[in-house]
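The values are calculated or read from the model by the stated rules, or taken from the named source; none is laboratory data. On a predicted model such as this, the values are computed, not experimentally measured, just so you know. As a convention, Cβ positions derive from the backbone with ideal geometry for all residues, glycine included, and neighbour counts pool all protein chains shown. For the accessible areas, the whole protein counts, side chains as well, though only heavy atoms, and no ligand, DNA or RNA atoms are used. Shrake-Rupley method; radii C 1.70, N 1.55, O 1.52, S 1.80 Å.
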Amino acid sequence: MFLALICFFSSNANAQILGGATLGLQAPIGDFADGTKMGVGVNLMGKYMFKENMAVGLNLGYNRFGIEDSDGDASVSMIPITGLFEYHFEGSTIKPYVGADLGFYSFGYKFQYGGHTEKDSEIYFGLAPVAGILYDINDNVTFCANIKIHNVFAEGDTYSWIGINAGVIIPLK
């Protein structure tokens, strides 16, 4: 089975390796929105286009949210380390796509008050469906915009937020 997968991926002459980054606003939703402010996020990605319209890859991100009504400096961070799958629809210059990220999220918090700092982090499983568009600026740069709905499954809780992101993707090979 493993040998068949290697042959499948390596036999595609159109295969391409891409790298990119996005930056965006992150809006907490559901119970996570209770007491959590709008945040900002950055994401680095690597993709392998194993077919003309399908990609697999990895994401590494950082999302930071402020805490409302805190008596000091307080924040929550989410660091996703996920695998990705994307399906790209046909298009000439503008190409819509859908997909999902699946993996682990490091959930951390930090409170600073009166010269005292308290912080902790936990690792949880998460899923993030995504829909977006790709716009070819030229052969070497593609603009990317997407909406991603992160869902992090913690012990009895779900932390969810919507990311509205934009960035660039470049071919690496």
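Number of residues in the range 119-137 that are within 30 Å of Ser92 (Cβ to Cβ), open to solvent by 80 Å² or more (accessible area, probe 1.4 Å) and at pLDDT 95 or above equals 1. If you check His88, His116 for being of a type outside the set (Val, Ile, Thr), out of contact with any Cys (no Cβ under 8 Å at 6 or more places or on another chain) and open to solvent by less than 60 Å² (accessible area, probe 1.4 Å), only one passes: His88.
Within the range 102-116, is even one residue on the phi < 0 side of the Ramachandran plot, out of contact with any His (no Cβ under 7 Å at 6 or more places or on another chain), touching a residue at least 12 places away in the same chain (Cβ under 8 Å) and polar (S, T, N, Q)? Within the range 102-116, one or more residues are on the phi < 0 side of the Ramachandran plot, out of contact with any His (no Cβ under 7 Å at 6 or more places or on another chain), touching a residue at least 12 places away in the same chain (Cβ under 8 Å) and polar (S, T, N, Q). Within the span defined as the range 64-71, one or more residues are farther than 25 Å from Tyr135 by Cα and touching a residue at least 60 places away in the same chain (Cβ under 8 Å).
Restricting the search to the range 14-27, which residues are touching a Pro at 6+ places or on another chain (Cβ under 9 Å) and among the aliphatic types (A, V, I, L, M)? Once the filter is applied, which keeps residues that are touching a Pro at 6+ places or on another chain (Cβ under 9 Å) and among the aliphatic types (A, V, I, L, M), the range 14-27 yields Ile17, Leu18. Yes or no: Gly103 open to solvent by less than 90 Å² (accessible area, probe 1.4 Å) and in contact with a strand residue (DSSP E or B) (Cβ under 7 Å, 6 or more places away or on another chain)? Yes, satisfied. For the range 28-50, the set of residues classified as open to solvent by 80 Å² or more (accessible area, probe 1.4 Å) and either at pLDDT below 95 or touching a Pro at 6+ places or on another chain (Cβ under 6 Å) (or both) consists of Asp31, Asp34, Lys37, listed by residue number. Are any of the residues in the range 56-66 of a type in the set (S, T, N, Q), under 28 Å from Asp34 (Cα atoms) and out of contact with any Asp or Glu (no Cβ under 9 Å at 6 or more places or on another chain)? Yes - at least one qualifying residue is present in the range 56-66.
Taking into account only those residues within the range 51-66 that are part of a strand (DSSP E or B) and closer than 15 Å to Tyr97 by Cβ, which is modelled with the lowest pLDDT?
Residues of the range 51-66 part of a strand (DSSP E or B): 51, 54-66.
Cutting the leftovers down to closer than 15 Å to Tyr97 by Cβ gives us 51, 54-57, 59.
On the way: Lys51: 93, Met54: 97, Ala55: 97, Val56: 98, Gly57: 98, Asn59: 97.
Among residues in the range 51-66 that are part of a strand (DSSP E or B) and closer than 15 Å to Tyr97 by Cβ, the one modelled with the lowest pLDDT is Lys51.
Please verify whether Ile149 is open to solvent by less than 70 Å² (accessible area, probe 1.4 Å), aliphatic (A, V, I, L, M) and modelled with pLDDT of 95 or more, treating the condition exactly as stated. It is true that Ile149 is open to solvent by less than 70 Å² (accessible area, probe 1.4 Å), aliphatic (A, V, I, L, M) and modelled with pLDDT of 95 or more.
Among the listed residues Gly126, Gly132, Gly91, Gly103, identify the single one that is under 18 Å from Leu18 (Cβ atoms) and assigned to a strand (DSSP E or B). It would help to see each step written out before you state the result.
Numbers: Gly126 fails: under 18 Å from Leu18 (Cβ atoms); Gly91 fails: assigned to a strand (DSSP E or B); Gly103 fails: under 18 Å from Leu18 (Cβ atoms).
Result: Gly132 is the single residue among Gly126, Gly132, Gly91, Gly103 that is under 18 Å from Leu18 (Cβ atoms) and assigned to a strand (DSSP E or B).
Of the residues that make up the range 133-146, is at least one more than 17 Å from the chain's Cα centre (by Cα) and of a type in the set (D, E, K, R)? Yes, the range 133-146 contains a residue that is more than 17 Å from the chain's Cα centre (by Cα) and of a type in the set (D, E, K, R).
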